[in-house]
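Worksheet: the structure to be examined is printed underneath.
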Amino acid sequence: MAGKPKLYYFNARGRMEPIWWLLAAAGVEFEEKFLESAEDLEKLRNDGYLMFQQVPMVEIDGLKLVQTRAILNYIASKYDLYGKDIKERALIDMYTEGMADLYEMILLLPSCRPEEKDAKIALIQEKTKNHYFPLSRADIQLVELLYYVEEVDSSLISSFPLLKALKTRISNLPMVKKFLKPGSPRKPPTNAKSIEEGRKISSFNKAAMEAKNMQGQYSKALQQ
Amino acid sequence: MAAKPKLYYFHGRGRMESVRWLLAAAGVEFEEEFLETREQYEKLQKEGRLLFGQVPLVEVDGMMLTQTRAILSYLAAKFNFYGKDLKERVRIDMYVDGTLDLMAMIMLAPFQRPEEKQETLASILQKAKTRYFPVFEKILKEHGEDFLVGNKFSWADIQLLEAILMVEELSASVLSDFPLLKAFKTRISNIPTIKKFLQPGSQRKPPPDAHYVDLVSNILQF
């Protein structure tokens, strides 16, 4: 039986933190092996555990994975947190890579020279305000949800002017606009026909259960 | 019929070169729009085409993709250069990420001050010979196959060849202790689509020179 994933790193955030978050979000229990001295790192290197002599390293499914991105991609794929096709993956990658850029700037801050620190902090502030926070995966997923909510009941977001504004703003981004046009890969709402087809394909009535569930939840939300 | 992918970048290698390699390896024709002025760059930003305000930008399959790795992963998957399952994919990711770490140092060097540049170049050669090339030499030795992963040509092979050639431009004898990598280099270079890309007249870009460094520093304002 597979053991829990083992995370090898220093007892600090650094490059292991995003991996920690992803495993936690996927509900996966893991062990942490903290490197507390130079000797600990040397031992891992001498034992041939670290492909490029670096940590993070994650022992999972009989593999010794290194390179933060490779590890994150593996975990995301394994636990279905990586979109359903290569186009969705490309979008997710774009957002997470952008986030990684900002993260890297913040990560390297403690190790830069004192003279450079103020300039670097100013750069992080400028980029955060003007490039990164203005758009994130959270915005995209929220807007997607708003569209679905509207399909259930078009009046639902009418009392949320800020959400409406967000929906309009995001929908007008060139990429998103294209995706919202007819003929794009975007799928139509689940209806009785697609539920029936889903039933034929899968052995559980999963789709039907989900649709019922969704309707139930929104009715509950409406009643509150 | 699908439109050709369109690449928006400076007329030089930088972060776009790996994308050019991947497209070339797949035998896919592509168009390029070269950024020559600050105004052009700002225009792209204003048009909202650059998700985080940066290039590379690749227009492909109806998407405006930015972020080098996002672009490369998408193309690798699209052209079946990404392994046959998750375990092969993670191996390709690990090898590629290691290689890209090495290449990032090479990419940065021309933009550094002369004193830093010397240090960086020395570090690049040292890391290539002690951290990166030995790993790939060992991988090739252990499975004895022609390609790095799954006995099939993949993104990992393309990325490694690109890196080898770039390091050789800094030191022609860098592969002297790596016989399997030497053979690998020859073998991959002879793949027809790669061979074509390596010939004069292809869309492969030359190493950065002073003009390129000035151009990019001016446009990106650093």
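Determine the share of chain B's accessible area contributed by carbon and sulfur atoms, expressed in whole percent, with a 1.4 angstrom probe.
Values: 5280 of 10150 Å².
After summing per-atom areas, the C and S share lands at 52 percent.
Enter the buried accessible area of the A/B pair, total of both sides, probe 1.4 Å, in Å² rounded to the nearest 100. Spell out each step's value before the answer.
Values: alone 16110 and 11770 Å², together 24640 Å².
The A and B chains share an interface burying roughly 3200 Å².
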message: If you count only protein heavy atoms and use a 1.4 Å probe, how large is the accessible surface of B:SER202, to the nearest 10 Å²?
response: 40
field: Coil-residue chymotrypsin sites (Phe, Trp or Tyr not before Pro) of the stretch B:132-188, DSSP, other Cβ within 10 Å capped at 12
entry: none
message: Compute accessible area for the stretch A:149-182 by itself and then with all protein chains, 1.4 Å probe, and report residues whose area falls by 10 Å² or more.
response: A:PRO174, A:MET175, A:LYS178
- prompt: Between rounded, prolate and oblate, where does chain B land on the alpha carbon gyration tensor, with a ≥ b ≥ c its root eigenvalues, rounded for a/c under 1.5, else prolate if a/b exceeds b/c?
  reply: oblate
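What 222 nm value per residue comes from the helices of chain B, counting each DSSP H run with n ≥ 4 as -39,500 (n - 2.57) and dividing by all residues, nearest 500 deg cm²/dmol? All intermediate terms of the calculation are to be shown ahead of the outcome.
Details: 10 runs with 121 residues, N = 222.
The helix-only estimate for chain B comes to -17000 deg cm²/dmol at 222 nm.
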field: Dipole magnitude of chain B, debye to nearest 20 (Cβ charges: Lys/Arg +1, Asp/Glu -1, about Cα centre)
entry: 440
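With a 1.4 Å probe and every protein chain kept in, tell me what percent of the accessible surface of the stretch A:6-180 is carbon plus sulfur. Walk me through the numbers before you get to the answer.
On the way: 5690 of 10010 Å².
Here carbon and sulfur together make up 57 percent of the probe-accessible area.
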- request: Provide the per residue accessible area, probe 1.4 Å, for the stretch B:86-190, rounded to a whole number of square angstrom.
  value: 44
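Among B:LYS195, B:LYS46, A:LYS87, what's the order by accessible area (1.4 angstrom probe), most exposed first?
Numbers: B:LYS195 95, B:LYS46 165, A:LYS87 65 Å².
Most to least solvent-accessible, the answer reads B:LYS46, B:LYS195, A:LYS87.
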task: At 1.4 Å probe size, with no ligands or nucleic acids counted, give the accessible surface of B:PHE222 in Å², nearest ten.
output: 140
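Using a 10 Å cut-off around each Cβ of peptide A:86-99, what is the average number of partner chain Cβ atoms that fall inside? Write out the running numbers ahead of the final one.
Working: counts 8, 7, 0, 4, 13, 5, 1, 10, 11, 4, 3, 9, 7, 2.
The mean count of partner-chain Cβ atoms within 10 Å per residue comes to 6.
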- prompt: At a 1.4 Å probe, which residues in the stretch B:113-149 are at least 40 Å² less accessible with all protein chains present than in their chain isolated?
  reply: B:ARG131, B:VAL135
field: Farthest positive-ward along chain B dipole, Cα basis, beta-carbon charges - from B:LEU23, B:ASN80, B:PHE111
entry: B:ASN80
Distance from the stretch B:127-146 to the stretch B:1-35 (C-alpha centre basis), Å: 29
- prompt: Which parts of the stretch A:34-58, residue by residue, lose 30 Å² or more of accessible area when the rest of the protein chains are there, as against the chain isolated (1.4 Å probe)?
  reply: A:MET51, A:PHE52, A:GLN54
Cα gyration tensor shape of the stretch B:51-120, rounded if a/c is under 1.5, else prolate or oblate by comparing a/b with b/c: oblate
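Distance cut-off 26 Å, Cα to Cα: go down the list A:LYS167/B:LYS46; A:LYS167/B:LYS4; A:LYS64/B:LYS195; B:LYS78/B:LYS205; A:LYS87/B:LYS141; A:LYS164/B:LYS6 and report the pairs above it. Write down the numbers at each step before the final one.
Details: A:LYS167/B:LYS46 20 Å; A:LYS167/B:LYS4 31 Å; A:LYS64/B:LYS195 35 Å; B:LYS78/B:LYS205 24 Å; A:LYS87/B:LYS141 36 Å; A:LYS164/B:LYS6 34 Å.
With Cα atoms farther than 26 Å apart: A:LYS167/B:LYS4; A:LYS64/B:LYS195; A:LYS87/B:LYS141; A:LYS164/B:LYS6.
Looking at chain B, do any whole DSSP H helices span at least 18 angstrom along their long axis by alpha carbon and average -1.0 or above on Kyte-Doolittle, and which?
Working: long enough: B:86-108 (32 Å, 0.55); B:114-127 (20 Å, -1.04); B:155-170 (23 Å, 0.97).
The answer, listed by residue number, is B:86-108, B:155-170.
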message: For B:HIS143, what accessible surface area do you get with a 1.4 Å probe? Give it in Å², rounded to 10.
response: 60
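Sort A:ASP101, B:ASP157 by heavy-atom solvent-accessible area, probe 1.4 angstrom, most to least.
On the way: A:ASP101 50, B:ASP157 0 Å².
So, going from the largest accessible area down, we get A:ASP101, B:ASP157.
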- prompt: Hey, got the dipole for the stretch B:86-190? About the Cα centre, +1 on K and R Cβ, -1 on D and E Cβ, debye to the nearest 20?
  reply: 200
- prompt: In Å², what does the accessible area per residue of the stretch A:6-180 work out to with a 1.4 Å probe?
  reply: 57
query: Say each of A:GLU116 and A:ASP61 gets a label point 7 Å from the Cα, pointing the same way as Cα to Cβ; how far apart are those two points in nm?
result: 3.7
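The values are calculated or read from the model by the stated rules, or taken from the named source; none is laboratory data. Just so it is clear, the structure is predicted and the values come from calculations on it, not from any experiment. Using ideal geometry, Cβ is built from the backbone for each residue, glycine included, and neighbour counts are taken over all protein chains shown. Ligands, DNA and RNA are excluded from the accessible area calculation, which covers all protein heavy atoms including side chains. Shrake-Rupley method; radii C 1.70, N 1.55, O 1.52, S 1.80 Å.
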